[in-house]
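> Please find one structure pasted underneath; my questions will follow.
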Amino acid sequence: MYDLIIVGGGPSGASAGRVAGNAGISTLLLEKENFPRYKPCGGALSPYALSSLDFELPESVVERDISKVRVHFRELCLERQRDYRLALLVSRNAFDNLLLDKARETGIEVHCGEKVLDCEEEEEWVEVRTSENSYLTKFVLIAEGSQGVLKYNVRPQRARRTEYDLALVSEIPEGDEVIRTRFPDVLDIHFGVAPGGYGWIFPHAGYYSVGVVGTAEHLKHPKKVMQNFLQANGFSGEFQVCFHIIPVGGIKRKTVSSRILLSGDAAGFVDAFIGEGISYAIRSGQLAAEIVADLVLYNRKLSDLKEYESRCGQEFGNFLVSSLKLEKVMHRFPETSFKLALSREEILDKYLDEVVINRSHKDYVRWLLLNFSLAEPASRIMSMAGKNQ
């Protein structure tokens with residue numbers, strides 16, 4: 001009988017495992033892949049993600065230190081340099097492997113290459129069945145990402161494609177000197193290339209991460225959109241393209257049953273405007289493990305597990321809800337919104353200062369509406385978005 005079984009060894013599961021191990025509760029982490037494994041992702045770590053870690057990233061994991069962003073919308077382009085860090089770029093296979101090693105060093109049990117098939121919740125425990133065995137545990141944390149189905153043990157499945165984005169990613173080899181000349185430690189963002197999303201070019205060590213992300217419902221021909229974006233930015237040839245699903249839609253999803261919790265992408269914790277979820281994966285995994293450890297160590301009531309939802313809401317709930325409202329405004333009126341944003345430097349400066357660094361999406365959206373004519377329709381969209389949370 002374990003105190004906690006964690007399903008998934010990515011950033012959320014590994015971060016939960018480190019907290020659980022340090023707390024001293026008996027923990028088993030089950031991961032279907034063998035690490036290190038490839039993970040398609042832009043690999044940008046926000047200041048919030050970095051601040052959530054209780055250790056410094058080794059230089060071997062960091063590929064670029066970013067303090068500049070270049071934003072495009074059709075013929076418009078605006079570049080801004082800040083005097084602070086906007087992001088660190090990492091390779092996800094190296095970063096995720098580091099997090100899993102950090103969890104292991106606390107003494108938890110880790111089984112890689114063992115896929116969880118099902119979880120059956122009973123009154124006193126949860127039975128977890130895998131491809132290799134079955135286990136009993138007091139609590140389960142499902143941190144298997146957006147494409148797993150175990151989350152439907154907690155909340156019903158819904159076929160609303162508007163709640164998901166589709167991202168396509170390709171890694172394109174290039175010499176470091178060429179990369180430094182073309183993209184000198186800058187995040188290159190292109191709006192207007194995918195419905196409800198954007199394209200990106202991130203300069204890693206020896207390769208570019210190039211991708212597009214858009215609303216799944218409206219991205220009718222995703223491979224064609226990706227090919228057009230690659231060609232428009234001078235990338236010719238045959239490149240492997242991977243895709244993954246990104247949940248969007250604010251925070252109003254059930255994330256706790258009587259003994260099972262959801263974290264990270266499985267819980268839907270993603271910034272709806274830019275699709276960033278690593279920081280919320282890390283932090284929600286930590287919060288979940290803290291709550292479970294409290295219940296186990298101090299014999300708290302089982303109903304106190306619901307505190308997990310309120311703590312996630314307090315820490316980043318308003319931010320995620322506001323990101324959804326901003327996404328609805330900007331992508332519903334792209335011509336007005338992005339042309340205005342790229343014609344006024346203070347709009348991008350304010351976004352970098354307030355949202356990226358100070359994490360105040362809500363204040364930023366209010367500032368936009370008070371100071372610029374995103375017009376009457378934007379206010380209506382925000383009102384509608386608020387009713388849907």
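The values are calculated or read from the model by the stated rules, or taken from the named source; none is laboratory data. What you see is a predicted model, and the numbers here were worked out from it, not measured in a lab. Ideal geometry is used to build each Cβ from the backbone, glycine not excepted, and the neighbour counts take in all protein chains shown. Side chains included, ligands, DNA and RNA excluded: accessible areas come from the protein's heavy atoms. Shrake-Rupley method; radii C 1.70, N 1.55, O 1.52, S 1.80 Å.
> Can you tell which of 279, 258 is closer than 29 Å to residue 361 by Cα and either touching a helix residue (DSSP H, G or I) at 6+ places or on another chain (Cβ under 7 Å) or outside the structural domain of residue 11 (by the TED database) (or both)?
None of the others qualify; the one that does is 279.
> Does residue 236 satisfy the condition of being within 19 Å of residue 6 (Cα to Cα), open to solvent by 10 Å² or more (accessible area, probe 1.4 Å) and assigned to a loop (DSSP other than H, G, I, E, B)?
Here the answer is no, as residue 236 does not meet what is asked.
> Could you please find all residues in the stretch 184-215 being in contact (Cβ under 8 Å) with a residue 60 or more places away in the chain, part of a loop (DSSP other than H, G, I, E, B) and among the hydrophobic types (A, V, I, L, M, F, W, C)?
Of everything in the stretch 184-215, just one residue is in contact (Cβ under 8 Å) with a residue 60 or more places away in the chain, part of a loop (DSSP other than H, G, I, E, B) and among the hydrophobic types (A, V, I, L, M, F, W, C), namely 205.
> Select from the stretch 18-55 the residues that are closer than 17 Å to residue 112 by Cα and aromatic (Phe, Trp, Tyr) and write down the one among them that is least open to solvent (accessible area, probe 1.4 Å).
Across the stretch 18-55, the extreme among qualifying residues is 35.
> Okay, next question. Within the stretch 19-52, how many residues turn out to be within 19 Å of the chain's Cα centre (by Cα) and among the charged types (D, E, K, R)?
Residues in the stretch 19-52 being within 19 Å of the chain's Cα centre (by Cα) and among the charged types (D, E, K, R): 3 in total.
> Look at residue 15 and say whether it is over 22 Å from residue 170 (Cβ atoms), modelled with pLDDT under 95 and either open to solvent by 20 Å² or more (accessible area, probe 1.4 Å) or part of a helix (DSSP H, G or I) (or both).
Working: over 22 Å from residue 170 (Cβ atoms): yes; modelled with pLDDT under 95: no; either open to solvent by 20 Å² or more (accessible area, probe 1.4 Å) or part of a helix (DSSP H, G or I) (or both): yes.
No.
> Tally up the residues in the stretch 137-149 that are out of contact with any Leu (no Cβ under 9 Å at 6 or more places or on another chain) and either acidic (Asp, Glu) or open to solvent by less than 70 Å² (accessible area, probe 1.4 Å) (or both), please.
Final tally of qualifying residues: 3.
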